[in-house]
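This report refers to the structure that appears directly beneath it.
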Amino acid sequence: MPPLRKSFQERFEELERDLNIMCNKGVETVERTRKAVLNQDFELAREIIDGDDDLDAFIIQIEEKGIEVLALQAPVAIDLRRIFVMLRIAMHIERVGDLCVNICKVLLSLKGYSISPNVKDNFSEMFKRAIEMLRQSLESFKNKDSSHVSDLTQMDDKVDRIHRAFLEGVNGGDREEVEVTVRVLMIARFVERIADHAVDIGEDVKYMVIGRFVE
Amino acid sequence: MRVDGVSVQCGFELMEKLECRLGVHNLSVYYDDFKALENINLLIPCKRITAFIGPSGCGKSTLLRCFNRMNDLVPGSYVEGSIFFDGTDIFSDNYDVTELRRKVGMVFQKPNPFPKTVYENVAYGPKIAGIKKKAVLDEIVERSLKRAALWDEVKDKLHSSALRLSGGQQQRLCIARALAVEPEIILLDEPCSALDPIATQRIEDLLVELAEKYTIIIVTHNMQQAARISHFTAFMMIEEHGDPGRIIEFGETSYIFTNPDNEKTERYITGRFG
């Protein structure tokens, strides 16, 4: 396809560059959160909480630039869908960042308690799959290729299964045990939500490519 | 889906629900040896706005002028194919062209009021049609000016020269003049290209209102205008200089501007054309 008009092209590239940096930062935040949880690294958890402002600043920047492109360049068809999807992806990544902050806050409340190796294994698996899903959904966007988007739903099913296993493993105990269990369940739920955002990004990419919303 | 070679993206179901009294069938238009349009097939939905978009020279205005046979006035022009209006081919022998032009009004790019009063401009058509009673003419003038959203601005200067009105007012006067003879279809050939953004907005608002009662076909170079006001869009283009214009894609405007079927349409509307 021949190039866009120059000023539009430049703004597009700038927006894509910003989004790319934001997405890398989002994935990196999930990886660091995984490390913090598995190692019960409270110092790292605090760093992640403090660093969330960066992702928040990114989304404001991307939204402002996106709105400017919509207002000044009046994009249509594939260009309109791309801008729309870029704004949606930025929103998903910002929420993924918020979920990492939530996980870290819950982790801090677990200071003084130990997380069992079995729970850690499950967390590790959930995080691994969620990160893989995020990477894959963002690759689909970069390559404008929706052919692997349906894989994300299958991958999400596995994350959901581990999440359910957490719920099924709850079997009472004393007050302290219940408190720990609730917090562990909260972390599992937040990781499960991260995977859901990856699925949503995949659906957005599919819309961008084919021009129709498909659930 | 495709209907007679035209990609109708809005789907057959919707087109079936809409009344279409105007249909173009295998239409080609020639100016002497030059083929300006080739094999045009199109249905125009009633009481909707249909926009023709496309690069200069693709035959948009030529196609528009076919609907009231304005091309008859161009020496050397002739057509092949048909335009059916209520089931009758408007190019058939003995077709009443005067009556056609009453039913199919036209507004041009540049406002062209007669050098007469505001009142005379609007009353001109009805007078030609034989209406002589002043009370009836007064009523037609008021009604037409109101429909054209001009009445409040000119009701105190009906007997002043129309040439003293602003460009935007003159264009609305031309629309009122077209409405005065009770047309069913209104053709507009780039009606806002000589107007400022405020006058343009008034005309656009007016066209949207008029579409509740009239079938409107508009040629515009302003794609955002087509996107803003039209219900259906036909994208036309020529392959090479000297080739005839063809319809590349026709469909609901919301589809055309978000997810066009044809790559050429996408290239044109996203500014990648050429």
(request) Just give me the residues in the stretch B:226-263 being within 11 Å of chain A (Cβ to nearest Cβ) and surrounded by fewer than 21 Cβ atoms within 10 Å (Cβ to Cβ), in sequence order. (result) B:A227, B:R228, B:S254, B:Y255, B:T258, B:N259, B:D261, B:N262, B:E263
(request) Please find, within the stretch A:123-155, the residue that is most open to solvent (accessible area, probe 1.4 Å) out of those that are in a loop (DSSP other than H, G, I, E, B) and either under 17 Å from A:N24 (Cα atoms) or small (G, A, S) (or both). (result) A:S147
(request) Could you list, in sequence order, all residues of the stretch B:196-225 that are closer than 21 Å to B:K103 by Cβ and either open to solvent by 40 Å² or more (accessible area, probe 1.4 Å) or among the polar types (S, T, N, Q) (or both)? (result) B:E209, B:E212, B:K213, B:T215
(message) Filter the stretch A:78-122 down to the residues that are open to solvent by less than 50 Å² (accessible area, probe 1.4 Å), within 14 Å of chain B (Cβ to nearest Cβ) and free of Cβ contacts under 8 Å to residues at least 60 places away in the same chain and list them by number.
(response) none
(request) Give the residue, chosen from B:D93, B:D72, that is open to solvent by 30 Å² or more (accessible area, probe 1.4 Å), out of contact with any Lys or Arg (no Cβ under 8 Å at 6 or more places or on another chain), over 23 Å from B:A176 (Cα atoms) and assigned to a loop (DSSP other than H, G, I, E, B). (result) B:D93
(request) Please specify each residue of the stretch B:212-259 satisfying the condition of being among the β-branched types (V, I, T), closer than 19 Å to B:L188 by Cα and either free of Cβ contacts under 8 Å to residues at least 60 places away in the same chain or part of a loop (DSSP other than H, G, I, E, B) (or both). (result) B:T220
(request) Quickly run through the stretch A:156-190 and pick out the residues that are in a helix (DSSP H, G or I) and of a type in the set (S, T, N, Q). (result) A:T181
(request) Six or more apart or on different chains, Cβ under 9 Å: which pairs go from a residue in the stretch B:60-82 that's farther than 16 Å from B:V97 by Cβ to one that's crowded, with 21+ Cβ neighbours inside 10 Å and of a type in the set (S, T, Y)? Could you list them? (result) B:K60/B:T220
(request) Go over the candidates A:F190, A:F213 one by one and state the one that is exposed (fewer than 14 other Cβ atoms within 10 Å of the Cβ), of a type in the set (F, W, Y) and either within 21 Å of the chain's Cα centre (by Cα) or within 14 Å of chain B (Cβ to nearest Cβ) (or both). (result) A:F213
(request) Looking at (1) within 30 Å of B:T270 (Cβ to Cβ); (2) more than 14 Å from the chain's Cα centre (by Cα); (3) open to solvent by less than 40 Å² (accessible area, probe 1.4 Å), find the lone condition where B:S56 falls short. (result) (3)
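The values are calculated or read from the model by the stated rules, or taken from the named source; none is laboratory data. Predicted model only: the values in this text are computed from it and were never measured. With ideal geometry, Cβ positions are generated from the backbone for all residues, glycine too; neighbour counts draw on all protein chains shown. Quick note on the areas: whole protein, heavy atoms, side chains included, nothing else; ligands and nucleic acids left out. Shrake-Rupley method; radii C 1.70, N 1.55, O 1.52, S 1.80 Å.
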